[in-house]
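Written out below as structure tokens is the structure these notes cover.
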Amino acid sequence: MVEILIFRDDEGLLRELSVDGHAEFSDGEDGGDIVCAAVSALVGYLGIAFSDVAPRMGSVWADDGAFRLRVSPECVSAPEQVLMLQTWVKAVTQLEENYRGWVKVEQRKWAQETI
């Protein structure tokens, strides 16, 4: 299962997120895991956004089956960052709705250095 944790501060702003695991939703063929492919595409989008396009807005870390994003404190309420992350959360939430049992999204209260 892919587990997505979203950490929000007291104002509801997204501060950190993590993505871990593999969906293992496969049709038996290599590359047939459409759920992992969808999650990977969405995570890749964040990786590009926060490492290449707007690196000052946050830091990312990725490894096989794991991804972390920490939003820079000075950019947490930047309109472009809020829009980008709200859209991403909506997309992964829709994946969870359509693929229950393979994707789980959980929102938690943020504490500094959560992940």
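The values are calculated or read from the model by the stated rules, or taken from the named source; none is laboratory data. These numbers come from a predicted model, not from an experiment. All Cβ positions, even for glycine, are placed from backbone atoms using ideal geometry, and neighbour counts span all protein chains on display.
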Which numbered condition residue 112 fails, given (1) in contact with a strand residue (DSSP E or B) (Cβ under 8 Å, 6 or more places away or on another chain); (2) outside any helix (DSSP H, G or I): (1)
Hey, does segment 23-41 have a residue that's touching a helix residue (DSSP H, G or I) at 6+ places or on another chain (Cβ under 6 Å) and either surrounded by fewer than 18 Cβ atoms within 10 Å (Cβ to Cβ) or under 26 Å from residue 109 (Cβ atoms) (or both)? no
Residue identified as of a type outside the set (Gly, Ala, Ser) and in a loop (DSSP other than H, G, I, E, B) among 16, 11, 74, 80: 11
Determine which member of the set 39, 53, 60 is among the β-branched types (Val, Ile, Thr) and touching a residue at least 24 places away in the same chain (Cβ under 8 Å). 39
From the list 16, 3, pick out the single residue that is surrounded by fewer than 16 Cβ atoms within 10 Å (Cβ to Cβ), in contact with a Lys or Arg (Cβ under 8 Å, 6 or more places away or on another chain) and under 18 Å from residue 108 (Cα atoms). 3
Output the residue which, of all residues in segment 83-109 that are more than 14 Å from the chain's Cα centre (by Cα) and outside any helix (DSSP H, G or I), is nearest to residue 26 (Cα to Cα). 102
Within segment 53-70, is even one residue at pLDDT below 95, assigned to a loop (DSSP other than H, G, I, E, B) and surrounded by 12 or more Cβ atoms within 10 Å (Cβ to Cβ)? yes
